[in-house]
Amino acid sequence: MPDDARPGNLGAGNSRTGNSRASNHLKRILGLGFGVAVIFGGTVGVGILRLPGMIAEQLQSEWLILLVWVLGGIYALLGAVSVAELGVAMPQAGGFYVYSRRAFGPGTGFAMGWTDWLNNCAVIAYGAVAAAEYIASLLPGVTEQDTTLQKGIALGLLALFCGLHWLGLRVSSGIQKITSVVTAVTFVVLAVACFLHPRVPHVARFWGAGTAPGWAGWMALLVPMVAALRAIMVTYDGWYAAIYFTEEDTDAAKHLPRLMISGVLVVMGLYLLMNLAFLHVLSIPEMANSRLPAAEAARLVLPAWSGKFVTVLSLLTLLGLINAVLLGAPRILLAIGRDGLFSRRAAWVSENGTPGVALLLSAAMAAVFLVSGRLEEIIAVAAILVAGMYCVNYIAVFRLRSREPRLKRPFRAWGYPLSTGVVLAGSLVFLVAAIHDDPLSAAKALVLLMIAVPAYLWMRGRAKLT
């Protein structure tokens with residue numbers, strides 16, 4: 001029997017909500033509502049407020065703009081159904097760490113787990129810094145140059161969310177539901193206001209006369225469409241946020257596929273709604289020339305509130321993101337600690353369902369990233385590592401289908417092997433493009449992976465001695 005399949009390694013996965021005697025048991029109290037909320041919060045960010053302008057500049061056609069957003073959503077959906085198969089087959093805390101460990105062994109699992117955890121900590125830090133900038137802009141007399149105050153606000157936000165999560169899973173999951181609902185409603189308010197405003201005339205560059213472009217036209221569109229899709233796929237990143245909580249789901253086998261699919265569809269629907277709303281009130285040249293199309297749209301349809309509306313909306317998306325990612329990151333560290341590849345104290349869970357030590361360590365690492373002053377460099381390195389992590393876990397779907405055909409799979413990826421093959425190929429292309437565009441960050445990512453080897457060997461040896 002593989003190491004990962006041994007009952008002792010399932011840890012809290014075998015526990016029940018009512019068992020509060022053990023200090024390493026997560027609580028099974030989460031359901032569909034939380035799952036959709038955490039996917040929404042972990043995915044929707046300020047990208048949807050900024051990116052439509054860049055896409056409009058590249059494509060110059062409303063039909064093509066909507067097409068690439070749909071294609072990005074389909075790509076995320078294919079990824080969701082592939083990862084959902086892994087999630088229901090291994091309903092444990094840890095997400096990608098668990099899957100890569102099962103498929104390729106503890107060494108690869110360790111590398112993927114640390115990659116995922118560090119990326120999550122970097123995202124938390126990035127979200128806190130961005131949220132602090134928006135909060136500072138709402139305060140009277142504060143300038144953009146007051147970086148010390150902004151950094152203090154960011155650290156304060158980090159401490160606030162950490163404190164709220166310490167109160168327990170019911171509190172932190174409730175916060176996620178509230179932030180996601182309020183953010184969604186605010187987006188819809190902006191969209192409805194746009195649709196109630198008179199429509200601006202559009203002249204589509206292609207298909208406007210009822211005919212599609214010829215072969216030469218499509219070839220000319222290929223490069224900008226690929227660039228647009230790369231950017232859009234980043235805005236869909238986060239569709240997998242629910243996999244870290246399968247151990248705490250009341251029925252992961254039933255819920256995970258449903259909430260991952262519905263979560264992606266909700267996000268895709270929102271993205272299409274906002275693009276349609278912006279295109280309703282802004283011409284394509286206006287969108288293309290704007291760094292923040294949402295602000296331009298708000299200025300037209302909500303003139304009395306436009307100065308603060310988009311700032312508040314951006315802040316809401318970031319608060320939901322911070323909460324969602326700060327929920328997931330400790331569960332990665334908990335899984336690594338539970339398997340003896342980190343301090344076993346990281347596997348400690350309080351009676352109210354909070355992995356307390358892992359939470360504090362995750363917040364501390366995010367704070368280190370935050371005060372380092374090199375956050376953008378850290379994010380660039382993490383993006384390359386995460387692209388590699390996606391590739392490894394999509395390959396894990398193929399490997400486990402081949403190596404463990406009898407593994408219980410309550411849900412199987414739709415369209416396998418084509419669906420998983422498509423997202424694997426896309427991730428490989430994304431990884432190669434990222435390395436090509438930023439070789440320095442790729443070199444730093446490689447160094448980090450090399451450092452993980454002796455760290456793993458030391459942790460493995462330490463675990464054998466205890």
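The values are calculated or read from the model by the stated rules, or taken from the named source; none is laboratory data. All values reported here derive from a predicted model rather than from experimental measurement. Because the Cβ atoms are built from the backbone with ideal geometry, glycine has one as well, and the counts that use them run over all protein chains shown.
Values computed for the structure shown
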read-out: Residue among LEU370, LEU385 that is of a type outside the set (Ser, Thr, Tyr), in contact (Cβ under 8 Å) with a residue 60 or more places away in the chain and touching an Asp or Glu at 6+ places or on another chain (Cβ under 9 Å); value: LEU385
read-out: Options SER350, SER362: the member that is assigned to a loop (DSSP other than H, G, I, E, B), under 24 Å from GLY174 (Cβ atoms) and in contact (Cβ under 8 Å) with a residue 24 or more places away in the chain; value: SER350
read-out: Residue count, the range 130-149 (criterion: surrounded by fewer than 23 Cβ atoms within 10 Å (Cβ to Cβ) and in a helix (DSSP H, G or I)); value: 10
read-out: Scope the range 323-366; condition under 20 Å from ARG101 (Cβ atoms), of a type in the set (Ser, Thr, Tyr) and surrounded by fewer than 24 Cβ atoms within 10 Å (Cβ to Cβ); matching residues; value: SER343
read-out: Residue check for VAL357: touching a Lys or Arg at 6+ places or on another chain (Cβ under 6 Å) and in contact (Cβ under 8 Å) with a residue 40 or more places away in the chain; value: no
read-out: Subset tally (residues that are crowded, with 20+ Cβ neighbours inside 10 Å, over 23 Å from ALA294 (Cα atoms) and not hydrophobic (A, V, I, L, M, F, W, C)) for the range 170-200; value: 3
read-out: Hits in the range 241-270 - residues which are under 18 Å from ALA184 (Cα atoms) and either β-branched (Val, Ile, Thr) or touching a His at 6+ places or on another chain (Cβ under 8 Å) (or both); value: ILE261, VAL264, VAL266, VAL267
read-out: Qualifying residue in the range 292-299 (condition: surrounded by fewer than 24 Cβ atoms within 10 Å (Cβ to Cβ), assigned to a helix (DSSP H, G or I) and touching an Asp or Glu at 6+ places or on another chain (Cβ under 9 Å)); value: yes
read-out: Selected residue (criterion: nearest to HIS255 (Cα to Cα)) from residues of the range 39-71 that are surrounded by fewer than 23 Cβ atoms within 10 Å (Cβ to Cβ) and in contact with a Phe, Trp or Tyr (Cβ under 6 Å, 6 or more places away or on another chain); value: TRP63
read-out: Test set (1) in contact with a Lys or Arg (Cβ under 9 Å, 6 or more places away or on another chain); (2) farther than 26 Å from HIS255 by Cβ - ALA366 fails condition number; value: (1)
read-out: Flag for ALA242 being under 19 Å from LEU51 (Cα atoms) and surrounded by 18 or more Cβ atoms within 10 Å (Cβ to Cβ); value: no
read-out: Residues being closer than 30 Å to ARG344 by Cα and surrounded by 14 or more Cβ atoms within 10 Å (Cβ to Cβ) - total across the range 410-448; value: 4
read-out: The lone exception for SER137 - which of (1) in contact (Cβ under 8 Å) with a residue 40 or more places away in the chain; (2) under 22 Å from ALA324 (Cα atoms) it fails; value: (2)
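Quick grid of which residues meet (1) farther than 21 Å from ARG258 by Cβ; (2) modelled with pLDDT under 50:
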| position | (1), (2) |
| --- | --- |
| ASP3 | yes, yes |
| PRO7 | yes, yes |
| ARG16 | yes, yes |
| ASN19 | yes, yes |
| ALA22 | yes, yes |
| GLY35 | no, no |
| GLY47 | yes, no |
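One line per residue, one yes/no per condition, for (1) among the hydrophobic types (A, V, I, L, M, F, W, C); (2) part of a helix (DSSP H, G or I); (3) crowded, with 24+ Cβ neighbours inside 10 Å; (4) more than 18 Å from the chain's Cα centre (by Cα):
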site	(1), (2), (3), (4)
ILE74	yes, yes, no, no
LEU77	yes, yes, no, no
VAL81	yes, yes, no, no
GLY87	no, yes, yes, no
VAL98	yes, yes, yes, no
ARG101	no, yes, yes, yes
GLY109	no, yes, yes, yes
GLY113	no, yes, yes, no
